[in-house]
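**Student:** Just dropping this structure here.
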Amino acid sequence: MKLKHFVAFSAPALVLMLGLLLVPLITTLVWSFQNVPVGQPGVFTGLANYFEIFSSPRFGDATKFTIGFTIVVTLAKIIAGYGIALMLNRIKRGRMIILGLLMASYVVPTVIGALNFSWLFNDIFGGVVNQGLAIIGVNINWLTEVGPARVLIGLHALWHETPFVIMVLLAGLATLPEEPLEAAQLDGANWWQRQRYVVIPIMAPLFSFVLLISIMDSLKVFDSIRIITPAATSLGTESLMAFVYQVALGESYRLGIASAVNVLTIILTIVLLIPFLRMTWKEARSA
Amino acid sequence: MTTTLDSPTVNMSAGPSAPRTAERERTRRAKKLHDRNLTVTLGLVLTFVVVMSLSPFVWAFLTAVKPFQAAFTNPPTWIFEPQFGAFADLWRGTQFASVLGNTFLVAVLTVIVALCVGAPAAYAFARYAGVIGPILLILAVVLRTIPRFAIVLPFYEASQALGIYDTNFALVAALVAVNMPFTLLLLIGFFRDIPKELDEAAMIDGCSHFGAFRRVIIPLMGPGLVTAGVFTLLVAFQEYLVALTLTQNSAVTIPVFIAAQKGADDVSTYQTLAAASILLVIPVVFIAIFARKYLVAGLGGGAVKG
């Protein structure tokens, strides 16, 4: 393909991405150095927004919660997702039906899923989970206590996003080459050894893909927090994005501060992305 | 017999002897039994997982069809006369129907624009050998991962200034833009799987480059376009953050509507909320089951290839 044709085919998408993604992104960067009241042009204030953020304990709490949430939920999702994918891969009859039903919690709009999920923990709606826990003598106020509220947000993420992990890893397991597995079996490798030295190394790209997506999505967690814990600030479940919303459109209209948080989140994300970007670059060049 | 037992090599060359075969048959049967037990156990575990995973929806359904007094008792009421008044209330007493219609309109428009703009570009990225392709691809990956607020807050400000705040136009534009990198990534994977020789053959036969794309490549892209279309549709349908930021009344979509109803925290709306959840869960799950093949292909192929 010649450059001329490349430009002709990709121009609409490039113009669209330039105008509707890159320009807003640059605006965010500029705003992060400005005091921006809604509806008025910003006034340059240097690094004031960044100083304010870094001295704000609320931002610190939001960062800590978001990073902790990301680590715990990502690990839990991958372990649970791989376990379920392995089980699904072993059975033949009903596999597709089970997979389809498991996908429900993933494809349902997050807002609705989070709402219905939280009802199981809400005494107004009968609190089925609380009833179950009461049998073993445990009483937890999921929606009003800091620790349990955090656990609840994590459980929701696990329930909502594990099906994605299952789907990707099961697709990998289903297309696993047979020769290395047979060779390992002939050499007397047991199940754990075959997993450790054959299956998981072959599936490594899929694991890193799932890991990447999970980290990116978890760092941006927002919908479920708005629905399950509207009072996130006092419940210790305020994520970076929930903080951004509150600052920019909720309790105040400080677009400059919100943009500075966005910029910091972008930097964090890109740093985490670097290994994956190098992989993509190499593959695109060789293709 | 003793010789064969002592030296397995001789046994092998002489063919299997009777006790050996019986023993092998026994282990084979034992293994088969073990396999069957394992399958049954796994089936039970997986059924349990499915039940757990679906329980929030089952509970929402029960809440929707319980009589009002029975819906909010603690401990829960299990025996009741089902009634469907909440569905009627939802349809007649709230904006649900019009919001649902608008959400479909927005989602379908988003899919159409995203595919019309995205497909030619993805084709170009998949075919062009120069260095621009990979750079744009990296950019697309980065744009896919950055927080949406970094894009949407300037959108909010600009749409206010242009007087298009709270319109479907602004919402569709934002949804197409925010999802474009992902649409591209998904489609590029599929275009790469179509051999270049096909384009060349079509052009030798007298097609222009665009003609080759339209007449030869697009027809082969059915599964790829369906995958990208289904993904974009689901994403546009369920997008909360973008719609929350850019709409207020007239362009509101289902997630924003549900969240607002929930936010009102009024006991009398809880059952209509449950009814709305169920009405939305069922079609989305059907789409997902129906399109699962394409979704798996998209995630396993397009997206992983990056």
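The values are calculated or read from the model by the stated rules, or taken from the named source; none is laboratory data. Keep in mind it's a predicted model, so treat the numbers as computed, not measured. When we count neighbours, we look across all protein chains shown, and the Cβ atoms used for this are built from the backbone with ideal geometry, even at glycine. When the accessible area is computed, the model is the full protein with side chains, heavy atoms only, and any ligands, DNA or RNA have been set aside. Shrake-Rupley method; radii C 1.70, N 1.55, O 1.52, S 1.80 Å.
**Student:** What residue, among those in region A:172-191 that are in contact (Cβ under 8 Å) with a residue 12 or more places away in the chain and within 14 Å of chain B (Cβ to nearest Cβ), is surrounded by the most Cβ atoms within 10 Å (Cβ to Cβ)?
**Tutor:** Step one: filter region A:172-191 for residues in contact (Cβ under 8 Å) with a residue 12 or more places away in the chain, giving A:172-174, A:176-177, A:180-181, A:184.
Filter once more, keeping what is within 14 Å of chain B (Cβ to nearest Cβ): A:172-174, A:176.
Working: A:172: 23, A:173: 18, A:174: 13, A:176: 13.
Applying the filter and picking the extreme gives A:172.
**Student:** Within region A:149-161, does at least one residue satisfy the condition of being among the aromatic types (Phe, Trp, Tyr), within 17 Å of residue A:82 (Cα to Cα), within 11 Å of another protein chain (Cβ to nearest Cβ) and not in a loop (DSSP other than H, G, I, E, B)?
**Tutor:** Of the residues in region A:149-161, the ones among the aromatic types (Phe, Trp, Tyr) are A:159.
Narrowing the set further to residues that are within 17 Å of residue A:82 (Cα to Cα) leaves A:159.
Retained after the next criterion (residues that are within 11 Å of another protein chain (Cβ to nearest Cβ)): A:159.
Remaining after also requiring not in a loop (DSSP other than H, G, I, E, B): A:159.
For region A:149-161, residues among the aromatic types (Phe, Trp, Tyr), within 17 Å of residue A:82 (Cα to Cα), within 11 Å of another protein chain (Cβ to nearest Cβ) and not in a loop (DSSP other than H, G, I, E, B): present.
**Student:** Quick one: which residue in A:268, A:272, A:264, A:249 is part of a helix (DSSP H, G or I), at the interface with another protein chain (Cβ under 7 Å from one of its Cβ atoms) and either touching a residue at least 12 places away in the same chain (Cβ under 8 Å) or surrounded by 15 or more Cβ atoms within 10 Å (Cβ to Cβ) (or both)?
**Tutor:** Answer to the check: A:249.
**Student:** Would you check if there is a residue in region B:78-90 being within 8 Å of another protein chain (Cβ to nearest Cβ) and not hydrophobic (A, V, I, L, M, F, W, C)?
**Tutor:** The initial filter retains those residues of region B:78-90 that are within 8 Å of another protein chain (Cβ to nearest Cβ), namely none.
No: region B:78-90 contains no residue that is within 8 Å of another protein chain (Cβ to nearest Cβ) and not hydrophobic (A, V, I, L, M, F, W, C).
**Student:** Do we find that residue A:209 is modelled with pLDDT under 85 and within 10 Å of chain B (Cβ to nearest Cβ) in this structure? First the steps, then the outcome.
**Tutor:** Details: modelled with pLDDT under 85: yes; within 10 Å of chain B (Cβ to nearest Cβ): yes.
The answer is yes for residue A:209.
**Student:** Six or more apart or on different chains, Cβ under 6 Å: which pairs go from a residue in region A:111-126 that's at the interface with another protein chain (Cβ under 7 Å from one of its Cβ atoms) to one that's of a type in the set (Asp, Glu)? Could you list them?
**Tutor:** These pairs meet every condition: A:111/A:223.
**Student:** Here is a further query. Would you list the helices (runs of 4 or more DSSP H) that sit entirely within region B:111-211 and hold 1 or more residues that are touching a Gly at 6+ places or on another chain (Cβ under 8 Å) and touching a residue at least 12 places away in the same chain (Cβ under 8 Å)? Steps first, answer last, please.
**Tutor:** Details: elements: B:132-145, B:149-162, B:168-192, B:196-204.
Passing ranges, in order: B:132-145, B:168-192, B:196-204.
**Student:** Return yes when residue B:289 is without any contact (Cβ under 8 Å) to a residue 40 or more places away in the chain and within 27 Å of the chain's Cα centre (by Cα) and no when it is not. Before you say what the answer is, go through the steps one by one.
**Tutor:** Values: without any contact (Cβ under 8 Å) to a residue 40 or more places away in the chain: yes; within 27 Å of the chain's Cα centre (by Cα): yes.
Here the answer is yes, as residue B:289 does meet what is asked.
**Student:** Here is a further query. In the set B:243, B:260, which member is without any contact (Cβ under 8 Å) to a residue 12 or more places away in the chain and either more than 8 Å from chain A (Cβ to nearest Cβ) or farther than 23 Å from residue B:165 by Cβ (or both)? If you could, list the steps in order and put the result at the bottom.
**Tutor:** Values: B:243 fails: without any contact (Cβ under 8 Å) to a residue 12 or more places away in the chain.
Unique residue meeting the criteria: B:260.
**Student:** Further question: Considering only region A:227-244, state which residues are open to solvent by 30 Å² or more (accessible area, probe 1.4 Å) and without any contact (Cβ under 8 Å) to a residue 40 or more places away in the chain.
**Tutor:** Selection gives A:230, A:231, A:234.
**Student:** Within region B:188-211, how many residues are open to solvent by less than 20 Å² (accessible area, probe 1.4 Å) and more than 10 Å from every other protein chain (Cβ to nearest Cβ)?
**Tutor:** 5
**Student:** Name the residue that is most open to solvent (accessible area, probe 1.4 Å), counting only residues in region B:19-76 that are in contact (Cβ under 8 Å) with a residue 60 or more places away in the chain and within 19 Å of residue A:101 (Cα to Cα).
**Tutor:** Going through the qualifying residues, I end up with B:61.
**Student:** Given the condition polar (S, T, N, Q) and under 20 Å from residue B:244 (Cβ atoms), answer yes or no: does some residue in region A:266-277 qualify?
**Tutor:** Pass one, region A:266-277, residues polar (S, T, N, Q): A:269.
The next check asks that each one be under 20 Å from residue B:244 (Cβ atoms); those that pass are none.
Scanning region A:266-277 turns up no residue that is polar (S, T, N, Q) and under 20 Å from residue B:244 (Cβ atoms).
**Student:** Now for a different question. Quick one: in region A:1-51, of everything that is hydroxyl-bearing (Ser, Thr, Tyr) and more than 7 Å from chain B (Cβ to nearest Cβ), which residue is most open to solvent (accessible area, probe 1.4 Å)?
**Tutor:** Filtering region A:1-51 down to residues hydroxyl-bearing (Ser, Thr, Tyr) leaves A:10, A:27-28, A:32, A:45, A:50.
Next, only the ones that are more than 7 Å from chain B (Cβ to nearest Cβ) stay: A:32, A:45, A:50.
Numbers: A:32: 0, A:45: 55, A:50: 26 Å².
The selected residue is A:45.
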